[in-house]
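Heads up, the thing below is written out as structure tokens.
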Amino acid sequence: MDQGSTLRVAVTGAAGRMGRETIRAILAASDLQLVAAVDRERVGESVDSVVGAPSDGVAIAAEWTAEAARTQPDVLVDFTHGSAAAAHARHALQSGIAPVVGATGLTDSEVAELEALSRQLDVPGMLVPNFAIGAVLMMEFARMAARWMPHAEIVELHHDQKRDAPSGTACRTAEKIARGRAQSVSPQVPELVRAEGARGGVVADVAVHSVRLPGLLAHQMVVFGGTGECLTVRHDSMDRSSFMPGVLLAIRRVRTLTGWHEGLEGLLFWER
Ligand code: NAD
């Protein structure tokens, strides 16, 4: 599409919590046009009734591949789950549509395949485990702190409908901490673990504790321990609107990128 013209956007997972919030944000943006909304639920219903905002006649379709061919969007935003998201993004790349994957739970091999396909077909794409700007800053602060305070554990807290654990954000934070550390760390004493999992799961040599409770949305603390001091970096998403500035940024910028990008960092810190 030409710079400055309207971007045509499709959403998969359109009837879900994130999909509905994303559609409302797209409908409110004058430079974006919602052209397709796909979900296996609420098929045939108008988007107007699903999100409670006028959508210019878009209805929920059942099948992404047929809808991609019919509407030919510039960008796909996916908020389904794991392997469904990988399949949607794969088809988008093969159709010249830039995918922005917000769903979590993709396997390492699915991500590697998307990365290779993006490079091979020269179609840009993004996988963004957390669209909240504050969460991206939290991860960067954690990476910086790890150099001087390598002893760190992550506590991530989410609503009880979340399927994957640890969260994509927690895994990404752990990898950043591992990269930021100037030295490796190991337990200070041999540990006697009375209940399996009590010390959390280990990602990139960082213990991660996952809490799932009703009433929570998406929260994370990274706790660093040093000599006689502790540092806690904490982020809270209060509601799903917290993700929308990042979702809109990714939609608007993904087609200006080359290749496959993980996270919003490239857009927030490295691009000028
Ligand atoms: P949800 O269960 O409310 O919505 C998922 C929707 O996807 C449902 O409507 C479901 O019917 C649909 N769906 C699933 N498989 C499908 C398929 N094969 N074809 C068509 N539709 C399909 O979940 P949610 O809370 O909206 O979260 C969606 C995803 O986004 C999860 O993976 C979650 O972890 C992730 N998430 C990411 C961020 C981020 O910032 N990147 C933030 C919140 C949630």
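FYI, it's all coordinate maths here, none of it is from the lab. This is a predicted model, so every value here is computed, not measured. We place every Cβ from the backbone using ideal geometry, glycine too, and count neighbours over all the protein chains shown.
With a 10 Å Cβ neighbour count serving as the proxy for reagent exposure, in which order, fewest first, do Met126, Met238, Met144 appear?
Details: Met126 26, Met238 10, Met144 13.
Ascending Cβ contact count within 10 Å gives the list Met238, Met144, Met126.
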Handout entry: Helix 82-94 axis, angle to the chain major axis (alpha carbon atoms, nearest 10°)
Key = 50
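Mind ordering 106-117, 192-203 by average Cβ neighbours within 10 Å, highest first? The partial results should precede the final answer.
On the way: 106-117: 15.2, 192-203: 10.3.
Per-residue mean Cβ counts within 10 Å order the peptides as 106-117, 192-203.
So if I place +1 on the C-beta of Lys and Arg and -1 on the C-beta of Asp and Glu, and nothing else carries charge, what would the dipole magnitude of the range 86-203 be about its Cα centre? I want it in debye, nearest 20.
Charge dipole, the range 86-203, about its Cα centre: 300 debye, nearest 20.
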Problem - 12 Å beta-carbon shell around Ser242, net charge (K/R +1, D/E -1) - result: -2
Completion exercise
If each K or R counts +1 and each D or E counts -1, the residues other than Gly180 whose Cβ falls under 14 Å of its Cβ total +2
Problem - Cα pair distances of the chain binned at 10 Å [whole percent] - result: 7, 28, 33, 20, 9, 3, 0
Fill in the blank from the handout: In terms of the charge dipole of the chain, which places +1 on Lys and Arg and -1 on Asp and Glu at the beta carbon, the residue among Ala15, Leu264, Val111 farthest towards the positive end is Leu264
Completion exercise
Exposure-ranked with fewest Cβ neighbours within 10 Å first, Met138, Met221 stand as Met221, Met138
Problem - Volume per residue of the C-alpha convex hull in the range 139-200, rounded to whole Å³ - result: 95
Problem - Summed residue charge, Cβ within 11 Å of Gly82's Cβ, Lys/Arg positive, Asp/Glu negative - result: -2
Problem - Per principal axis, descending, Cα span of the range 140-272 in whole Å - result: 51, 37, 26
Exercise for the section: For the range 27-165, state what percent of all Cα-Cα pairs lands in each successive 10 Å bin, counting from 0 Å until the bin that includes the largest distance. Expected result: 10, 32, 34, 18, 6, 1
